[in-house]
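Report on one structure; see the data block that follows.
Just so you know, all these numbers are worked out from the coordinates, no wet-lab data involved. The shown structure was predicted, so the numbers you read here are calculated from the model rather than taken from an experiment. Note that we place each Cβ from the backbone using ideal geometry, even for glycine, and neighbour counts take in every protein chain shown.
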Amino acid sequence: MSYLSSIDPEMASLIDQEAIRQEEGLELIASENYTSKAVMEANGSVLTNKYAEGYPGRRYYEGCGLYDTMEDMARNRLKEIFGAKFVNVQPHSGAQANMAVEMAFLNAGDTILSLDLDHGGHLSHGHKLNYSGRNFNIVGYKVNPDTEQLDYDAIAQLARECKPQLIIAGASAYPRTIDFEKFGNIAKEVGALLMADIAHIAGLVAAGLHNSPIGIADFVTSTTHKTLRGPRGGVIMCNTLEHHKKINSLVFPGIQGGPLMHTIAAKAVAFKEVLDPSYKQYQKQVLLNCQALLGALKDKGYRIVSGGSDNHLFLLDLASKGLQGKEASHALEEAGITTNMNLIPYDKNPAMNPSGLRMGTPALTTRGMKEPQMVKTAELIDKVLNNIDNEDIIKEVKTEVIKLAKEFPLYNK
Ligand SMILES: *Cc1c(COP(=O)(O)O)cnc(C)c1O
């Protein structure tokens, strides 16, 4: 970054330091991943200079011809990946994709039935400080206290009682398969619209390793930067032209101005990578690595919420080791292992210092790590968590973390 270094050396230095952090650390945050250099080239390109308000063929600015082609590439590839009929690739983020659907089809005060935040739901599904919780009546479903998994009979019962206009299926911290067909049946029975938010599991759905909500849910929203491994952003898919038109006008001019065309181009590049056969292999390894990591931690005496995982992430219950989330995630970060503290279902501790750690394997798998490295990572995690006040041991682990990470170079190949 020679230009940046000469114009703003302070910022260049911060970015350099962050590149080293990414290169030398073990990234276990379940919602993160590393995009390819190709995606970053598109995202960091001259496309950031252009206004392209509107949609392909219907722009409000001149000079948009190439942008129509780019946005159509992104749309067509997304349709091909998921078998979707209509798509919108303009949402700046997953939260804005959800906002667009909720605002397009609900009136203020309408009821949304969604997974309780404390049980793995997302802010945009009804947190009281989020626009969703501010504008709509939110009813939360919970996981079963014994299995810690979704209980579809209980969700159906709740739906009959609260008669929601919208049901949301999808989560940020749910380690099990989501049965979209069951959600579809519940929505049909109570006359609700169904939105599937696949922000976390999109990559697995794309690879055919998780059942797909396409054609079942009225709307499918996703991020593009988690398992999907693209640039930071959102997308919306739906089944009918009527819904598509409403969504389009809610995204723009409803809640957004000019689309981030550099990001839309980068989304198109990422979608091309998803369509490559190697992507399915990658997602298979994400699942194998998740099993290897949680299995090794289980063997060391940690309790895994719901007993395991069907996807790319799991929740560690730290109570099984007499710890809490904040101290554990801080100590791990000092050792170069990044995770996030997370509420576990029916948590006895508060959100600011919950009982759980959320971990996922999309990022480490992108580096090329496999099962043996997951077993090694579990050993390093265990060493830190058994010695969270011992600076010397944490330093020792950090040295090992850097060594392991450097065996799987990220961008400095
Ligand atoms: C991450 C996530 C989002 C929001 O994504 P942002 O791009 O951060 O706004 C929405 N829904 C779910 C389920 C998520 O996990």
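Points worth noting:
- Coil-residue chymotrypsin sites (Phe, Trp or Tyr not before Pro) of region 241-346, DSSP, other Cβ within 10 Å capped at 13: Y346
- Relative contact order, percent, region 278-406 [alpha-carbon distance under 8 Å, six or more residues apart]: 28 percent
- Under the simplified labelling scheme, the D72-S278 pair shows an inter-label distance of 2.9 nm, with each label point 7 Å from Cα along Cα→Cβ.
- Nitroxide proxy distance, nm - points 7 Å out along Cα→Cβ at S2 and M40: 1.8 nm
- Taking 0.36 nm per residue of separation and subtracting the Cα-Cα distance, full extension of the segment from Y152 to K188 would add 11.6 nm.
- Measuring between alpha carbons in the structure, the pairs from K226/K284; K128/K246; K298/K370; K37/K226 lying more than 24 angstrom apart are K128/K246.
- Straight-distance candidates among the aspartates and glutamates for linking to K321, with alpha-carbon spacing under 14 Å and chain neighbours fewer than 8 residues away dropped: D299, D382.
- In terms of packing, defined here as the mean over residues of other Cβ atoms within 10 angstrom, the peptides 137-146, 201-210, 168-177 line up highest first as 168-177, 201-210, 137-146.
- Per-peptide average of other Cβ atoms within 10 Å, ordering 123-131, 9-17 highest first: 123-131, 9-17
- Label positions at A12 and H330, each projected 7 Å from the Cα along the C-beta direction, are separated by 3.6 nm.
- Here the scattering of region 278-406 is modelled by Debye summation over its C-alpha atoms, one equal scatterer each and no solvent; at q = 0.10 Å⁻¹ the log10 of I(q)/I(0) is -0.29.
- 5 angstrom amide H check on R176, placed H, neighbours 5+ away: D310
- Residues E53 and E400, FRET efficiency given R0 of 51 Å [Cβ-Cβ distance, rounded to 0.05]: 0.50
- Proximity of backbone amide H atoms, modeled 1.01 Å from N, is registered between R303 and D317, S320 at under 5 Å, excluding neighbours fewer than 5 places apart on the same chain.
- Rounded to 5, the percent of DSSP beta bridges in the chain classed as antiparallel: 55 percent
- Added length on full extension, which subtracts the Cα-Cα distance from 0.36 nm per residue, N386 to Y61: 111.0 nm
- Chymotrypsin sites (Phe, Trp or Tyr not before Pro) lying in DSSP loop within region 25-102, provided at most 13 other Cβ fall within 10 Å: Y60, Y61
- Modelled FRET efficiency - R0 25 Å, E242 with E181, Cβ distances, 0.05 increments: 0.60
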